Amino acid sequence: MSKIQDLIDELCPDGIVYKPIEKVAKIKNGRDYKHLNSGRYPVYGSGGVMTHVDYFIYDKVSVLIPRKGSLGNVYYQKDPFWVVDTIFYTQIDESQIIPKYFYHVLIKAKLAEYNQAGGVPSLTQKVLNKIKIPVPPLEVQKEIVRILDRFTLLEAELEARRKQYAHYRDSLLFSDKIKYNYLNLSEVGVISTGKTPSKLESSAWSEGINFVTPSDIRNGQKYISSSERTVDKEWVFNKNWKVVKDNSILVTCIGADMGKAVIPTQESVFNQQINSIEVSDNVDIEYLYYWLVSRREYMLRLGRKNGSTMPILNKTNFSKIVVNLPELWLQRKISKQISVFDALVNDISSGLPAEIAARRKQYEYYRDQLLTFKELESASA
């Protein structure tokens with residue numbers, strides 16, 4: 001911190017120049033990728049990596065900014081990539097701004113607050129281009145990046161652990177040494193698709209039972225006990241809606257977040273973007289949960305085959321997914337083995353996730369301190 005202040009006192013004692021984004025970077029639109037083949041280049045949407053293709057849209061370091069959806073999800077990408085039309089990429093003038101510094105500044109900018117839509121959150125190039133950001137001398141930027149990157153190293157470790165976990169999990173779920181029964185999902189439980197109360201039915205929204213939507217489900221979350229909104233229990237009963245609890249699994253079946261799975265621990269209903277499986281007695285629910293999580297990429301590929309812009313997996317196609325099931329005692333043994341490692345990498349109350357949460361708080365504190373400057377009053381953008 002003291003070194004940064006020394007650099008500021010030496011290089012810009014009267015304040016820091018603030019410039020609109022358009023002066024330091026060009027914002028470019030993404031494009032559809034469906035004409036491309038599978039490959040090694042990541043395809044980004046506003047929710048993160050969707051798939052991998054055989055060609056890239058840009059091969060220089062860039063900061064990716066969501067155009068629609070999760071506006072707070074800013075990504076730093078140093079390797080070649082492709083982006084769809086729900087996210088922008090940037091061509092950065094590195095003579096003025098270090099890409100990683102640009103990334104940290106945009107996170108601090110809280111871009112979701114610039115939302116231009118009443119429905120799905122949206123940003124426009126026009127709005128983004130005019131957002132003013134601090135552009136100190138490169139020496140200052142470099143030192144800020146060095147300090148802030150210390151706080152993100154643990155997240156890289158977490159990602160490495162998650163890859164190890166996924167490999168371990170899949171080696172247990174898909175083994176050449178196990179004899180499986182192969183069944184459609186419709187044969188291992190009762191499948192239902194959710195609904196949303198009409199806007200005209202205001203009486204539906206009150207304290208009652210959970211109303212689960214995809215945004216309530218965090219990646220890696222195993223159980224869900226509460227949701228952002230609730231619906232009146234009597235209203236649900238009168239409508240004869242499907243209510244699930246701890247014998248069911250909820251699976252998101254639309255969009256880039258398709259394939260998130262969670263087990264409800266309280267009575268819940270769910271919207272039309274989610275299918276539920278009320279698991280049969282001869283199936284271990286945790287085994288099926290881990291199996292579904294492991295097949296997320298497969299479900300995304302199925303969802304894209306319908307030819308629409310938004311991946312979607314309807315109840316019919318979801319029901320036909322084939323699951324490999326060993327005997328019940330072995331399902332339980334496998335799920336217990338997986339759960340130990342799962343807790344280490346996904347349980348927010350312990351292990352790496354708890355340490356990550358503490359480190360993120362530190363990062364946010366120091367980021368806000370380091371990226372708050374006195375503006376140079378006479379500066380011209």
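The values are calculated or read from the model by the stated rules, or taken from the named source; none is laboratory data. Note that the structure is a prediction, hence the values are computed from the model and not measured. Heads up, the Cβs are rebuilt from the backbone with ideal geometry, glycines too, and the neighbour counts pull from every protein chain shown. These accessible areas exclude ligands, DNA and RNA; they are computed on the full protein's heavy atoms, side chains included. Shrake-Rupley method; radii C 1.70, N 1.55, O 1.52, S 1.80 Å.
Descriptive notes on the structure:
- Ellipticity at 222 nm from helices only: DSSP H runs of n ≥ 4 in the chain, each -39500 (n - 2.57), divided by the residue count, give -10500 deg cm²/dmol.
- Rounded tilt (10° steps) of 285-294 against the dominant C-alpha axis of the chain: 40
- Think of the chain as having a plus end and a minus end, set by charges on the Cβ of Lys, Arg, Asp and Glu; of Val322, Ala354, Gln369, Val322 sits farthest toward the positive end of this dipole.
- Label-zone membership for the stretch 255-286, site Lys233, 7 angstrom Cα→C-beta point, backbone N under 17 Å: 265-270
- Furthest towards positive pole of dipole, Ser171, Ile144, Thr196, structure part the stretch 130-208, Cβ charges: Ile144
- Other residues with beta-carbon under 14 Å from the beta-carbon of Gly259 carry, at +1 per Lys or Arg and -1 per Asp or Glu, a net charge of +4.
- When each of Lys108/Lys142; Lys3/Lys142; Lys3/Lys78 is checked by Cα-Cα distance, pairs over 19 Å: Lys3/Lys78
- Looking at the stretch 233-285, the pairs of alpha carbons with a distance over 19 Å make up 33% of the total.
- With each label modelled as a point 7 angstrom along the Cα→C-beta vector, the Ala354-Lys28 pair spans 4.5 nm.
- Cross-link reach list, aspartates and glutamates versus Lys34, counting only Cα pairs under 15 Å and skipping chain neighbours closer than eight places: Asp54, Asp85
- With a Förster radius of 35 Å applied to the beta-carbon distance between Ser186 and Ser215, the computed FRET efficiency rounds to 0.80.
- Charge context of Leu123, other residues only, Cβ under 15 angstrom, K/R +1, D/E -1: +3
- Cβ-placed point charges (K, R +1; D, E -1), dipole of the stretch 243-302 about Cα centre in debye, nearest 20: 320
- Between Lys320 and Arg161, residue separation times 0.36 nm minus the direct Cα-Cα distance comes to 54.0 nm.
- Measuring between their Cα centroids, the stretch 284-328 and the stretch 48-77 lie 25 Å from each other.
- For the stretch 182-231, with all protein chains in place and a probe radius of 1.4 Å, 49% of the accessible heavy-atom surface sits on carbon or sulfur.
- 0 to 90° range, to nearest 10: angle between helix 99-108 axis and the chain longest Cα axis: 70
- Local net charge near Val279, Cβ-Cβ under 15 Å (Lys/Arg +1, Asp/Glu -1): -2
- Apportionment of accessible area to carbon and sulfur, the stretch 250-335, percent (1.4 Å): 48
- Distance between modelled label sites at Glu377 and Lys130, nm, 7 Å Cα→Cβ extension: 2.5
- Lys, Arg +1 and Asp, Glu -1 on Cβ, resulting dipole of the chain about Cα centre, debye, nearest 20: 860
- In degrees, nearest ten, helix 2-11 long axis to first principal axis of the chain (Cα): 40
- Residues of the stretch 187-225 with amide N under 18 Å of a point placed 7 Å along Cα→Cβ from Gln272: 192-202, 204-205, 211-215
- Note on the stretch 185-311: along the principal axes its Cα atoms extend 39, 37, 25 Å, ordered by decreasing extent.
- In this structure the chain gives 52 Å² per residue of accessible area when probed at 1.4 Å with all protein chains present.
- Estimated distance in nm for a label pair at Lys245 and Thr265, the labels positioned 7 Å out from Cα along Cα-to-Cβ: 1.5
- The C-alpha atoms of the chain occupy a region whose extents along the principal axes are 72, 54, 43 Å, arranged from largest to smallest.
- Here the accessible area is traced with a 1.4 Å probe on the protein chains. For the stretch 25-88, carbon and sulfur cover 44 percent of it.
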